[in-house]
């Protein structure tokens, strides 16, 4: 799967799990460790681990396995490394502290759709 498509799929899965402030940073030509970073936030450690777990399971269905997963035990910051795409799922205060957006301020952003096709097709409770 191409890095941009993988990053967009991760963003859609995270969005389906209620992730907030999703950003995809295009690091091609700027970093040697990844082409794309996906950053998102959860409201609680439970949600952070739930988002990360959903991303992992969704990609495994397409036989895409993370090379490394870090931080699941505390779930304040979970990192999923898919070699070309690195996913960071944060609690807000941890995200603000490390400020990866600021570190990569000059990296182009890939637009993330505000709704995922999966969540848009679900009936709304009413």
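Readers should treat all values here as calculations from the given coordinates under stated rules, not as data from a laboratory. If you're wondering where the values come from, they're calculated on a predicted model, not measured in any experiment. Virtual Cβ from ideal backbone geometry, glycine too; neighbours counted across all protein chains shown.
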Approximate spin-label separation residue 62-residue 106, in nm, with each point projected 7 Å along Cα-to-Cβ: 3.1 nm
Distance (nanometres) between label positions extended 7 Å along Cα→Cβ at residue 70 and residue 96: 2.4 nm
Proxy reagent accessibility, fewest Cβ within 10 Å first, across 22, 51, 83: 83, 22, 51
Relative contact order, percent, the chain [alpha-carbon distance under 8 Å, six or more residues apart]: 29 percent
Burial ranking of peptide ranges 89-102, 4-17 (average Cβ count within 10 Å, highest at the top): 4-17, 89-102
Chain lengthening between residue 1 and residue 81 when straightened (0.36 nm per residue, less Cα-Cα): 27.4 nm
Gain upon complete extension [residue 43, residue 30; 0.36 nm per residue less C-alpha separation]: 1.6 nm
Antiparallel %, DSSP beta bridges [both residues in the chain], to 5: 70 percent
Over the chain: helical MRE at 222 nm, DSSP H runs n ≥ 4 each giving -39500 (n - 2.57), nearest 500: -10500 deg cm²/dmol
